[in-house]
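Report on the following structure.
Just so it is clear, none of the values below were taken in a lab; they were calculated from the coordinates. What you see is a predicted model, and the numbers here were worked out from it, not measured in a lab. Here Cβ is always computed from backbone atoms with ideal geometry, including for glycine, and neighbour counts include all displayed protein chains.
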């Protein structure tokens with residue numbers, strides 16, 4: 001994978017959220033930042049977030065329609081998954097998905113936390 005580009009409603013909220021997730025927890029780095037966008041990089045792969053034009057924001061996002069369902073990221077350990085889960089519980093517990101089944105919502109062999117970003121894009125962080 002080279003890169004993924006995602007349009008977002010509010011770039012400032014997205015940068016704050018993904019900086020916490022990617023830079024503080026998953027060993028990405030903030031690579032490039034410009035007026036309408038930002039890039040986070042890990043090795044040769046990077047994620048681009050661009051603020052969508054105001055007139056298109058009302059259309060919103062729905063992961064159950066045609067298009068992206070979710071993004072999954074590797075964590076370095078189960079402890080890291082637990083740390084992210086605990087941080088989300090404090091920061092914004094309403095973003096957690098399937099929390100009653102944590103950490104095995106994906107099955108007994110899938111140690112993961114599931115949650116939503118500021119635009120309600122589903123994310124998963126799974127341990128090796």
(request) Please label the shape of the range 1-54 as rounded, prolate or oblate, based on the square roots a ≥ b ≥ c of the eigenvalues of the alpha-carbon gyration tensor (a/c under 1.5 means rounded; beyond that, a/b larger than b/c means prolate, else oblate). (result) oblate
(request) Note the angle between two axes, namely the Cα long axis of helix 78-91 and the longest principal axis of the Cα atoms of the chain, as a number of degrees from 0 to 90, rounded to the nearest 10. (result) 60
(message) Antiparallel versus total DSSP beta bridges in the chain: what percent is that, nearest 5?
(response) 60
(request) Please identify, among 95, 76, 32, the residue showing maximal mean-square fluctuation in a Gaussian network model of the chain using a 10 angstrom Cα cutoff. (result) 32
(request) Choose one answer from 63, 41, 78: the residue with the largest mean-square fluctuation in a GNM of the chain with alpha-carbon springs under 10 Å. (result) 63
(request) Highest first, please rank the peptides 54-61, 85-92 by the mean number of other Cβ atoms sitting within 10 Å of their residues. (result) 85-92, 54-61
(request) Sticking with the crude label model, points 7 Å out along Cα→Cβ, report the distance from residue 120 to residue 98 in nm, one decimal please. (result) 1.9
(message) Taking log10 I(q)/I(0) by the Debye sum over Cα atoms at q = 0.11, 0.14 Å⁻¹ straight from the coordinates, which label in (1) -0.43, -0.63; (2) -0.83, -0.96; (3) -0.38, -0.63 is the correct one?
(response) (3)
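Using the beta-carbon distance between residue 86 and residue 44 and R0 = 41 Å, what value does 1/(1 + (r/R0)^6) give for FRET efficiency, to the nearest 0.05?
Details: r = 31 Å, r/R0 = 0.75.
Using R0 = 41 Å, I get an efficiency of 0.85.
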(message) Compute and list, largest first, the equivalent-ellipsoid semi-axes of the range 72-123 from the alpha carbon gyration tensor, each √(5λ) rounded to a whole angstrom.
(response) 16, 12, 11
(request) Taking 7 Å along the Cα-to-C-beta vector as the label spot, tell me the residue 76-residue 64 distance in nanometres, rounded to one decimal. (result) 3.8
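Just the number, please: percent antiparallel of the DSSP beta bridges in the range 68-128, rounded to the nearest 5. Could you put the intermediate results ahead of the total?
Numbers: 7 of 13 bridges.
Taking every DSSP beta bridge within the range 68-128, about 55 percent pair in antiparallel fashion.
May I ask you to compute the full-extension gain from residue 4 to residue 109, defined as 0.36 nm times their residue separation minus their alpha-carbon distance, rounded to one decimal in nm? The partial results should precede the final answer.
Working: separation 105, 0.36 × 105 = 37.80 nm, distance 2.70 nm.
Separation in residues times 0.36 nm, less the Cα-Cα distance, equals 35.1 nm.
Over the range 1-54, what is the relative contact order in percent, taking alpha-carbon pairs closer than 8 angstrom and at least six residues apart? Provide the component values of the computation, followed by the final result.
Working: 81 pairs, mean separation 24.5, N = 54.
That works out to 45 percent.
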